[in-house]
Structure formats: C-alpha cells, structure tokens
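What follows is a single structure, written as structure tokens, with notes after it.
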Amino acid sequence: LLAAAFVIALGYGLVAPALPQFAASFNVGVAAASVIVSAFALTRLLFAPASGSLVVRLGERRVYITGLLVVALSTGACAFAESYWQLLVFRGLGGIGSTMFTVSATALPVRLAPPDGRGRVSSAYAGTFLMGGILGPVIGGLLAGWGLRVPFLVYAAALVVAAAVVAVLLREPRSAAAGAAEAAPEPMTLREALADATFRAALVSAFANGWATFGVRMSLIPLFAGAVLLAGPSTAGLALAVFAVGNAVALTFSGRLADTLGRKPMVITGLAVTGLALGAVGFTDNVPLFVVFSVVAGFG
C-alpha cells in the first residue's frame with residue numbers, strides 16, 4: 001500500500017503541471033482548460049457512492065487494483081488525445097478509477113492494522129503519499145519539457161507497475177471477527193449527521209479547502225505560471241511541489257497542536273493562512289515570490 005500510494009501521488013503530480021497547459025494547447029480559454037481538472041474531480045464525486053458499494057461487494061483489494069488499472073488506461077489515452085473533447089472524456093473517466101482506489105485505500109489500513117496501530121499506519125500512509133506529491137510536480141515539469149504528452153505515458157506505466165505490486169504483495173484483509181472483537185457502534189444516519197452543527201462546519205471547511213487547494217490551485221497555478229510569469233511547466237511543477245513541502249513542515253507539529261489546542265483554532269487558522277497566501281499568489285510578478293507564497297499556502 002505504501003509503494004502504491006507513493007506511485008499514485010508521484011504520478012498525479014507528474015501530470016498536474018502539464019494538464020492545464022496541454023488542454024490550452026487545443027486553443028481553448030482558461031475556463032475550458034480548468035474544466036479538464038474539474039472533470040476528474042466531478043466523476044470522482046459522482047462515482048463515490050458506487051465505489052463504496054463495490055468495496056462491500058467485491059472487497060478492497062480487487063477494487064483497488066481495478067481502480068489503478070482504470071486510471072492507467074485513461075491516463076495513457078490522454079497522451080493520445082487529438083482534441084480538447086477527447087482529453088476531457090479520457091480524463092473524466094480516470095476519476096472513476098481514482099475513486100475506486102481512494103475508497104479502498106481508506107478502508108484497507110483500518111482493516112489491516114490492529115486497533116492500537118492505526119494512527120501510526122495512517123500517518124505512514126499519508127507521509128508516503130505526501131513524498132510522492134512533493135517529487136511528482138518537479139519531475140512532471142521536467143518531463144513536460146520533452147513534450148506535454150510524456151508525463152501521461154510515464155504515469156500510466158507507473159500505475160500498471162503499482163497494480164502489479166499490490167496484486168502480488170497485498171493479502172486479503174483478515175476477517176473483522178479475527179482477534180479481539182470490537183463493539184461496532186450504531187451507524188449514524190446522514191440526517192442525524194447533518195443536524196449536528198459541528199459536522200456541518202466540517203463540511204463547509206472541507207469544501208472551502210478542496211475548492212482552494214485542489215481546485216483553484218491545481219487548475220490555475222500552471223496557467224498563471226505560463227501566462228503571467230512567462231515561465232514553463234517546470235516552474236508550475238516547482239510551485240505545486242513546494243506547496244507539498246509546506247504541508248510536510250506543518251504536519252510535523254500540527255497534529256500535536258490539534259490535540260492540545262483543539263481542532264477549531266487549527267481549522268480557522270489553517271483556512272485563513274491558506275486563503276491569504278493563495279490570494280497573494282495572484283498578485284505576484286516574479287518567480288521567487290510565487291514560490292514563497294505557494295509554500296505558505298501549503299503550510300496553512
């Protein structure tokens with residue numbers, strides 16, 4: 001799982017700097033180029049409930065491997081897209097596979113790890129994913145120098161390798177009945193959850209964070225680097241990578257502070273810092289400031 005997480009994050013970072021510029025190469029505007037990024041997220045959202053049902057019915061391992069292969073095929077197809085609409089469809093289909101392995105990867109560490117080790121396992125998984133996220137945009141920016149289609153081919157091949165590693169090394173999770181049985185809490189209904197003000201606040205915070213860091217940043221930072229700073233994909237890749245560096249620095253202490261100060265102060269501070277830093281990026285006119293504000297946004 002750690003090896004696959006690294007490859008997935010690395011590959012996602014590989015295509016991130018090139019994707020908006022690749023879309024723009026079909027002579028479409030900024031909005032249309034950004035839609036390519038949103039299409040992937042939209043299909044993830046729409047297919048999430050079905051992915052959960054598939055995991056229950058077929059098991060995490062099978063759905064995880066299938067999801068990796070679906071994204072590999074769709075990413076490889078993106079490299080051969082001859083029009084904007086082909087790229088849009090191929091990238092959108094990849095969101096289906098991405099949801100499959102994301103939902104599976106959420107469930108697997110809980111199933112595989114003993115109750116007293118789940119925190120460490122989750123931390124290791126998140127850290128490995130973050131390492132891939134740091135390296136991916138830098139390598140992707142360099143690969144894009146060889147052509148905007150190259151990162152897609154490399155990512156597709158890497159996902160096939162990751163699927164093979166998981167197929168060979170990942171065993172089926174033990175039955176929940178094995179070992180010490182845990183008392184399963186009564187499931188909370190969606191209506192009950194939505195009636196809770198804390199849950200509603202968490203939803204709004206998650207939406208705002210996703211909008212800024214996964215939506216605006218991933219779609220517009222590469223275009224901003226090219227159109228405003230007159231820089232190539234390598235600079236866009238650097239900005240995306242240093243955002244992950246800011247993440248890594250904050251992760252060294254933010255979990256402990258959340259436990260001592262509480263979640264609410266950390267959420268409010270993090271959203272404010274990220275929002276202000278991303279806003280400041282829009283006013284930069286040179287690469288050093290562009291990078292600095294990207295790091296601060298990642299820190300937030």
- Per residue of segment 286-300, in order, report the coupling 6.51 cos²θ - 1.76 cosθ + 1.60 (Karplus, θ = phi - 60°) as ³J(HN,Hα) in whole Hz, putting x for Gly and Pro. 8, 5, x, 5, 4, 6, 4, 5, 5, 5, 5, 4, x, 4, x
- Task: Largest first and in whole Å, give the semi-axes of segment 9-82's equivalent ellipsoid, each being the square root of 5 times a Cα gyration tensor eigenvalue.
- Result: 28, 14, 10
- Task: Sort 171, 44, 200 by accessible area with a 1.4 Å probe, largest first.
- Result: 171, 200, 44
- Note the angle between two axes, namely the Cα long axis of helix 233-261 and the longest principal axis of the Cα atoms of the chain, as a number of degrees from 0 to 90, rounded to the nearest 10. 30
- Task: Whenever you get a sec, compute what percent of the accessible area on the chain sits on carbon and sulfur atoms (1.4 Å probe).
- Result: 72
- Message: Of the candidates 14, 58, 143, which one comes out as most mobile in a Gaussian network treatment of the chain with C-alpha springs shorter than 10 Å?
- Response: 58
- Message: Pairwise over distinct Cα atoms, reciprocal of the mean inverse distance: report the Kirkwood radius of segment 54-119 in Å, one decimal place.
- Response: 12.9
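What number comes out for accessible area per residue over the chain if the probe is 1.4 Å? Units Å², please.
Per residue, the chain has 52 Å² of solvent-accessible surface.
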- Residue with peak Gaussian network fluctuation, the chain [Cα springs, cutoff 10 Å], from 165, 103, 204: 204
- Task: Mind grabbing the base-10 log of I(q)/I(0) for the chain at q = 0.10 Å⁻¹? Debye formula, identical points on the C-alpha positions, no solvent, two decimal places.
- Result: -0.58
- In sequence order, what are the phi-derived ³J(HN,Hα) couplings for segment 149-164 according to the Karplus relation 6.51 cos²θ - 1.76 cosθ + 1.60 with θ = phi - 60°, rounded to whole Hz, with x for glycine and proline? 8, 4, x, 5, 5, 5, 5, 4, 5, 5, 5, 5, 4, 4, 4, 5
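The values are calculated or read from the model by the stated rules, or taken from the named source; none is laboratory data. None of the values given here were measured: they were computed from a predicted structure. Areas reflect the complete protein model, heavy atoms only, side chains present, ligands, DNA and RNA absent. Shrake-Rupley method; radii C 1.70, N 1.55, O 1.52, S 1.80 Å.
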